[in-house]
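The values are calculated or read from the model by the stated rules, or taken from the named source; none is laboratory data. Owing to the predicted nature of the structure, the values given are computational and were not obtained by experimental measurement. A quick note on method: Cβ atoms are made from the backbone with ideal geometry, for glycine too, and the neighbour counts reach across all protein chains shown.
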Amino acid sequence: MTWLGAVLAVCVLVPSAHCASDSIDWCYHQPTCNDSTWSTIATQFCNGSRQSPINIVSASAQFDSNLTAFTFNGFSNASTLDKISNTGKTVKVTIKSGVGISGGGLDGSYDSLQFHLHWGNGTSVPGAEHTVNGKRYPMELHIVNIKSIYNGDTTQAVADSTGLAALGFLIEEMSGNATGQPASWNILSSYLARIPNATNSVSVTDTLSLDELLPGVDRTKYYRYLGSLTTPTCNEAVVWTVFKDTVKVSRDVIDMFSQKVYVTNSSSPPFILNNFRNIQPALSVTTSATSKTCYSLGLMALGVLLGST
């Protein structure tokens, strides 16, 4: 997800789950500009002790009975997606008011702001941010939510260690030779041709709900940990939920994300590729389910217990 900092005006994150100061120039995986420099260009948080993303080690996860089922408000509404944008770093979809989450062990209710995606280079080079047992999936979808008590004030939210709640869904290639599947993802990807350049933004005119983008996911089974924004300035204000079940999407749709949207506003390469942060040190992770395959994340260094993304 892109977010904020001292000199920053809560940027792209909370509308995009990543927020960096306009004064900070950052990149992902270029030879001389990559996430290894973030700790020096955004020192307050990017070299902190609860950074995201992490590798989820299922066998190390600890069951937490407080991680109950979520309540998803407005996720079935097919008219809540507002605008889809090319930020130059990701593809972001803003969400209209009236959508939110509660339950799931969260401290109160949260309003949904936007979702965005992370990918590699087609299905051949996976680009999800979180890994599970060392495996990186092709893509990851992040739904960014802010505590309802802040009424959309992201400055207050990022000053709260649980001010933001991020839902992470891992995207896996669908088996077989299917194309354009599922239909909801085919609709979503069809907008990429309309936002090729950085700063391009168009309204979502198709009827499409968040539920439709999450087929096959049992949302009672998830991993939980306290982490950070995954882009500068890496604020440690995120309650992370990473769902165990993957979203299955056909290869052609996954590939489209690395073939349609450019980093700049000139309709010429480079395309947005490999827009994921490398794995950060392990943190304490819990899980909502007791079966081994649902165990919570993270081999964390003993003794590191995070207080209340």
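Right, Ser184: at pLDDT 95 or above, among the hydroxyl-bearing types (Ser, Thr, Tyr) and in a helix (DSSP H, G or I) or not? Show your work before the answer.
Working: at pLDDT 95 or above: yes; among the hydroxyl-bearing types (Ser, Thr, Tyr): yes; in a helix (DSSP H, G or I): yes.
Spelling it out, Ser184 is indeed at pLDDT 95 or above, among the hydroxyl-bearing types (Ser, Thr, Tyr) and in a helix (DSSP H, G or I).
Given the criteria surrounded by fewer than 17 Cβ atoms within 10 Å (Cβ to Cβ), touching a Phe, Trp or Tyr at 6+ places or on another chain (Cβ under 9 Å) and outside any strand (DSSP E or B), does Ala59 qualify? Before the answer, list the steps.
Values: surrounded by fewer than 17 Cβ atoms within 10 Å (Cβ to Cβ): yes; touching a Phe, Trp or Tyr at 6+ places or on another chain (Cβ under 9 Å): yes; outside any strand (DSSP E or B): yes.
So Ala59 passes the test.
Which one of the conditions (1) touching an Asp or Glu at 6+ places or on another chain (Cβ under 7 Å); (2) assigned to a helix (DSSP H, G or I); (3) not acidic (Asp, Glu) does Ile146 fail to meet, given that it meets all the rest?
Result: Ile146 passes all but (2).
Is it the case that segment 17-28 has a residue that's among the polar types (S, T, N, Q), on the phi < 0 side of the Ramachandran plot and either at pLDDT 95 or above or in a strand (DSSP E or B) (or both)?
First, the residues of segment 17-28 that are among the polar types (S, T, N, Q): 21, 23.
Keeping just the survivors that are on the phi < 0 side of the Ramachandran plot gives 21, 23.
Adding the requirement that they be either at pLDDT 95 or above or in a strand (DSSP E or B) (or both) leaves none.
Scanning segment 17-28, I find no residue that is among the polar types (S, T, N, Q), on the phi < 0 side of the Ramachandran plot and either at pLDDT 95 or above or in a strand (DSSP E or B) (or both), so the answer is no.
Those residues that are of a type outside the set (A, V, I, L, M), within 30 Å of Gln259 (Cβ to Cβ) and part of a strand (DSSP E or B), I need them from segment 87-105; list them, please.
Pass one, segment 87-105, residues of a type outside the set (A, V, I, L, M): 87-90, 92, 94, 96-98, 100, 102-105.
In the following step, the residues that additionally are within 30 Å of Gln259 (Cβ to Cβ) were identified as 87-90, 92, 94, 96.
Correct list: Lys92, Thr94.
Answer yes or no as to whether Glu140 is under 11 Å from the mean Cα position of the chain (by Cα) and in a loop (DSSP other than H, G, I, E, B).
On the way: under 11 Å from the mean Cα position of the chain (by Cα): yes; in a loop (DSSP other than H, G, I, E, B): no.
No, not satisfied.
For Asn186, work out the one condition from (1) surrounded by fewer than 17 Cβ atoms within 10 Å (Cβ to Cβ); (2) within 28 Å of Thr123 (Cβ to Cβ); (3) in contact with a strand residue (DSSP E or B) (Cβ under 8 Å, 6 or more places away or on another chain) it doesn't fulfil.
(3)
Checking Phe115 against (1) surrounded by fewer than 22 Cβ atoms within 10 Å (Cβ to Cβ); (2) in a strand (DSSP E or B); (3) in contact with a helix residue (DSSP H, G or I) (Cβ under 9 Å, 6 or more places away or on another chain); (4) not β-branched (Val, Ile, Thr), which test does it fail?
That leaves (1) as the condition not met.
What number goes with the only condition from (1) small (Gly, Ala, Ser); (2) touching a His at 6+ places or on another chain (Cβ under 8 Å); (3) closer than 18 Å to Gly227 by Cα; (4) not in a strand (DSSP E or B) that Ala157 does not pass?
Among (1) small (Gly, Ala, Ser); (2) touching a His at 6+ places or on another chain (Cβ under 8 Å); (3) closer than 18 Å to Gly227 by Cα; (4) not in a strand (DSSP E or B), the lone unmet condition for Ala157 is (2).
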